Amino acid sequence: MTQTSMLRQITDFANRADPYPVYEELRKTPVLHEEDGPYLISGYHDIEALLHDPRISSDAANLAAPGADELSGPEATGLPPSFIRLDPPEHDRLRRIANSSFGPPHRPRRIENMRGQLEEIVTELIDGLGDAREFDLVDQVAYPFPVTAICRVLGVPREDEPRFRAWVDPIVAGLDPDTRTAGDSEKAAQEARLQLGMYLNGLVEQRAREPRDDMLSDLVHSHGPDGAMTTMEVLSTAVLLLIAGHETTVNLITNGMLTLLRHPGVLARLRDDPELSVRIVEELLRYEPPVQLLPQRTCITDIEVHGVTIPKGSRIWLVLGAGNRDPHRFTDPDRFDPDRQDIQHLGFGSGVHSCFGAPLARIEAQLALSQLARRLDNPRLVEDPPPYRQNAVLRGPRHLNIAVDGIR
C-alpha cells in the first residue's frame, strides 16, 4: 500500500468492514499529505493535542480554498450552522445555553432521570420482536430507539413521534447516499428537513406560550448570562441533537452487538452482570467508535505537527479510529477488553467540541446492550461481516441480522 493511495484507501467502501489495517499503515506516517488533499493525523497524542488547540477551527469559512467536502454530511437547509460548526466565543455561548438545559450544573438529573423511560422504550422494542427467529437489529431496535429518546428529551408529543420518525428517515438516509440514487435521496432529505423545521418551529412557538418540563422549553426561555438563543438557533440546536445524536447512537449500539457476538465470552458475562455494560460501552467507544474521523477541521495559522508544517487554511482530518488503536497509547490495542484499566478513548472527541450528547448516548447503549444480552436466547450472526453503510465518517452496519432460538 503506497502513501499516495492512503486517502482513497480510507474512503474506499471495500475497507469499510475492517478499516484498521489501513489505519495501522497510516500511523507509520504521523502527518500524511497527498497533493491538494487534507492533512491526515492518525496518532492518539497528536489528535488529542489538536482537539485542544485553539489554532484548529471547526468553521469552514477559515478554509483557504472552501469547497465541497466529500465526507461532510448535508446541513439543514435554511438554518444557521449548529455550534459544532462554529468556533469560540460563539460556539461557547451556544453550547453553554444548550448544556444548561441538558446537563450539569443546571439540569444535573435530566438525562439520568430518563433511565426508566429509556429502559421502557428498549423493552417495548424487544417485546415487539415477538417470537421471531431472525431479526434486523438496526431496523427493529438500534434505529428507532434513539429517535424515540430524543423526542422525549426535546418534548415532542408522543402522538407526533411517528410523524417525527417519518421525517428523520430520509434525513438520515441523506447522510449515507447510495450513488445510484443520490439525487433522489438528497431531494427527499431536503423536503424532510423543510417539514421537520416547520414542525419544530411550531413546537417552539407553542413552548414560548406554554412552557413545559422539556429541553425545547428551556432553550426558548433561557435567560442566563449568555442571553437567549434566537428561534433559528433553537431550531439549529434541536436538529443537531436529533441528527448527530441519532446516527452515532445507532452505530454505537449496532457495532456493540456485533462485537459482543464476535466475543461470546464477554456477551455471557454481560448476560449475568448488567453493570458490566458501563465498561463494555467505554471499550466499544475505543475499539469500534461510531465516528471514525473528523474531517471538518482547519488551521487558522501555520502549525507544526511532528516536524511537518501545516499551512494556514489547510483542511485537517483527525482519524479517531486510528488514534483509538495507537499502540503508543494503548496496550494490545486490537484486542477488545472491557477489563482494560485505562480507556481514555477518543470516541466522543475531546476539547471544546467533545460530544454534547455523550451522557444520553452512553445510557442508551448500556441499556440496549444489557437487555439484548439478557433477553436473546442463543443469538448468532446471520452474516459476518454484515453489510455496511457507505459513510466513512459515521461507520456502522446498515443491517445486522441476528438469528435466535427465542426472545426471553
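The values are calculated or read from the model by the stated rules, or taken from the named source; none is laboratory data. Please read all numbers here as calculations on a predicted model, not as lab measurements. Positions of Cβ are generated from backbone atoms using ideal geometry, with glycine treated the same way; all protein chains shown enter the neighbour counts. With ligands, DNA and RNA removed, areas are computed over all heavy atoms of the protein, side chains included. Shrake-Rupley method; radii C 1.70, N 1.55, O 1.52, S 1.80 Å.
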**OP:** Determine the calculated [θ] at 222 nm for the chain from helices alone, applying -39500 (n - 2.57) to every DSSP H run no shorter than 4 residues and normalising by the residue count; nearest 500 deg cm²/dmol.
**Re:** -13500 deg cm²/dmol
**OP:** DSSP loop (so not H, G, I, E, B), at most 14 other Cβ within 10 Å: list which trypsin sites (Lys or Arg not before Pro) in region 257-344 pass both filters.
**Re:** Lys312, Arg335
Subject >> Sparsely packed trypsin sites (Lys or Arg not before Pro) within region 14-59, loop by DSSP, other Cβ within 10 Å at most 13 >> reply: Lys28, Arg55
**OP:** Keeping the other protein chains in place, figure out the carbon and sulfur percent of the accessible area of the chain, with a 1.4 Å probe.
**Re:** 50 percent
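Just need the relative contact order of region 4-407 here, percent rounded to a whole number, with Cα pairs under 8 Å and 6+ apart.
The normalised contact order for region 4-407 reaches 28 percent.
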**OP:** In nm, give the distance between the simple-model label positions of Phe13 and Asp405, each being 7 Å from the Cα along the Cα-to-Cβ direction.
**Re:** 3.8 nm
**OP:** Please name which of Ile97, Met114, Phe135 has its Cα lying farthest along the dipole of region 91-178 towards the positive end, using unit charges on Cβ (Lys, Arg +1; Asp, Glu -1) and the Cα centre as origin.
**Re:** Ile97
Subject >> Signed unit charges on C-beta, dipole axis of the chain, positive-most listed residue Pro157, Gln344, Phe145 >> reply: Pro157
**OP:** Could you state the accessible area per residue of region 4-407 in Å², with a 1.4 Å probe and every protein chain left in place?
**Re:** 43 Å²
Subject >> Solvent exposure, largest accessible area first (probe 1.4 Å, DNA, RNA and ligands not counted), of Glu25, Glu210 >> reply: Glu210, Glu25
Subject >> Expected-Rg normalisation [2.2 N^0.38 Å, Cα atoms] applied to the chain >> reply: 0.97
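Using the crude model of +1 on Lys and Arg Cβ and -1 on Asp and Glu Cβ, and no other charge, please compute the dipole size for region 4-407 relative to its Cα centre, in debye to 20.
Computed charge dipole of region 4-407: roughly 500 debye.
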